[in-house]
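Below: one structure, written as structure tokens.
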Amino acid sequence: MITKQAITAFRSIHTPFYYYDIELLKKTLDIYTSYIKKFNYNAHYAVKANAESKILQIIQKAGLGADCVSGNEVSLAIKSGFSPDKIVYAGVGKSDKEIKTALKAGIFGFNCESVPEIKVINDLAAGMGKVARISLRVNPDIDAHTHKYISTGRKEDKFGVSPWEFQAVADELRNFKNIKMIGLHFHVGSQITDMSVFPMLCKMIEQLQKWFIDHDIKIENLNLGGGLGVDYENPTKNPVANFKDYFELIHKHLIVRPGQKVHFEPGRAIVAQCGDLISRVLYVKIGQKMKFVILDAGMNDLIRPALYQAVHAIDNLTSDKKPLKYDVVGPVCESSDKFAHAVLLPETQRGDLFAIHTAGAYGQVMAMKYNQRDLAKAYYSDDILKK
């Protein structure tokens, strides 16, 4: 929540910038970890959601491991204090250099997505005198009913190994002396708000793991990935994701055999709501049919609306005048540089401060210097508010 004290502090800060509510982040982590402990689960934070140093350190101190999708993320996680034995490394296109980085670090395991990848990891591990621990990422052909760009578990998606390939994997594993298969990994998409997806996933996991058990392949770990969505439209009303229903559904429907460990890879659900993009109004432009609020923040700062047609709640923090309809746009020379269409906002003028909410995940981490614009800096509530 952005307080009056914070708004006062914002006035003296160069915009645009990212503002992180550290109290909300810690509250979210407290709630999340309470369920992890209750059900004896394991969690690895998805570094790709937000890789700011202070954010990573807080998450690491809360007891989570790290889920990485590049060699640089593996290195950053270790630098941020995450123990290598709590780091998992996923991705369809791991380079030799990245694989060697992870092997040298001694990470918990690779989430592997193809037979060719497993072979490369085996060969590189052999050259380094190591045994690589892997989980097989399975494509369960489940539609998560989310945006097509962030659905990852359908049979036409590039991610994971399909069930028809299981026999080939089993045959190859017998030949790989520097590979130890430790489990199965699943991730069907991101920003999932339809809770019926998760019982469906649990049912599919049971069906798929039976194949390996029937073929005398021990499954020590079940990794359900992440994907739980957050409320982009009403962030103030729902600042914390629905962890209660999520974990209770998983606990109810997932069959866990003796000795098996269950893992999760939360990202968005941990950090999305704690971050806001703060911007100033440069101009209010009156068109024939619509009024335009032109901000100093653009799609280079927050690309989600342009890339995913994502909806973010937006507030004018410094006006309480009568509401009018506006298109909220940025300064980048692209028609797609638009944050909202025909939204009701208090009557706005040059210099007003705006907050684009729920920007803590896939916001700052995806920023770029397109149009050679400066990258927005990060500011934290516990620094701003104590001054």
- [ ] Please give the helix 96-105 orientation as an angle from the longest Cα principal axis of the chain, in degrees from 0 to 90, rounded to the nearest 10.
- [x] 80 degrees
Open item on the list: My understanding is that a pair violates if its Cα-Cα distance is over 31 Å; which of Lys38/Lys97; Lys119/Lys218; Lys244/Lys338; Lys79/Lys261 do that in this structure?
Closed with: Lys38/Lys97; Lys244/Lys338
TODO: Kindly express, to the nearest 10 degrees and within the range 0 to 90, the angle between helix 115-127's C-alpha long axis and the longest C-alpha principal axis of the chain.
DONE: 70 degrees
Task: Stretchable slack from Gln288 to Glu334, in nm (0.36 nm times residue separation minus alpha-carbon distance) - done: 14.5 nm
- [ ] Highest first, please rank the peptides 134-140, 310-316, 284-290 by the mean number of other Cβ atoms sitting within 10 Å of their residues.
- [x] 134-140, 310-316, 284-290
Task: Degrees between helix 197-214 axis and first principal axis of the chain (Cα, 0 to 90, nearest 10) - done: 20 degrees
- [ ] Starting from the Cα of Lys27, step 7 Å along the direction of its Cβ; do the same at Ile13; then give the gap between the two resulting points in nm.
- [x] 1.8 nm
Open item on the list: Under a Cβ-only charge scheme (Lys and Arg +1, Asp and Glu -1), can you give me the dipole magnitude of the stretch 65-265 about the Cα centre, in debye to the nearest 20?
Closed with: 620 debye
Open item on the list: Stokes-Einstein diffusion coefficient for the stretch 65-265 at 25 °C in a medium of 0.890 mPa s, Rh from the Kirkwood formula over Cα pairs: what value in µm²/s?
Closed with: 140 µm²/s
Task: Mean projected area (nm²) of the alpha-carbon convex hull when the chain is viewed from all directions - done: 19.8 nm²
Task: GNM top mover of Asn371, Asn122, Asn234 - the chain, alpha-carbon springs below 10 Å - done: Asn371
Task: Gain on full stretching of the segment that runs from Lys97 to Leu324 - 0.36 nm per residue minus C-alpha separation - done: 76.3 nm
Task: Helix-only mean residue ellipticity at 222 nm for the chain, each DSSP H run of n ≥ 4 adding -39500 (n - 2.57), per residue, nearest 500 - done: -8500 deg cm²/dmol
TODO: Rounded to the nearest Å, what's the spacing between the alpha carbon centres of the stretch 335-387 and the stretch 31-68? Just the number, please.
DONE: 25 Å
- [ ] May I ask you to work out the translational diffusion coefficient for the stretch 238-369 at 37 °C, viscosity 0.692 mPa s, via Stokes-Einstein with Rh from the Kirkwood sum over Cα pairs, reported in whole µm²/s?
- [x] 196 µm²/s
Open item on the list: As I understand it, the dipole of the chain uses +1 on the Cβ of Lys and Arg and -1 on the Cβ of Asp and Glu, about the Cα centre. Which of Ser95, Ile13, Phe82 lies farthest toward its positive end?
Closed with: Ile13
Open item on the list: Order 43-51, 2-10 from most to least packed using the mean count of other Cβ atoms within 10 Å.
Closed with: 43-51, 2-10
Task: Global geometry of the stretch 1-50, whether rounded, prolate or oblate, following the gyration tensor of its Cα atoms and the 1.5 cut on a/c - done: oblate
Task: DSSP-defined antiparallel bridges as percent of all bridges, the stretch 65-265, nearest 5 - done: 5 percent
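Coordinate-derived values only; no laboratory data. Quick caveat: nothing in here was measured; it's all calculated off a predicted structure. Methodologically, a virtual Cβ is constructed for each residue, glycine included, from the backbone with ideal geometry; neighbour enumeration extends over all protein chains shown.
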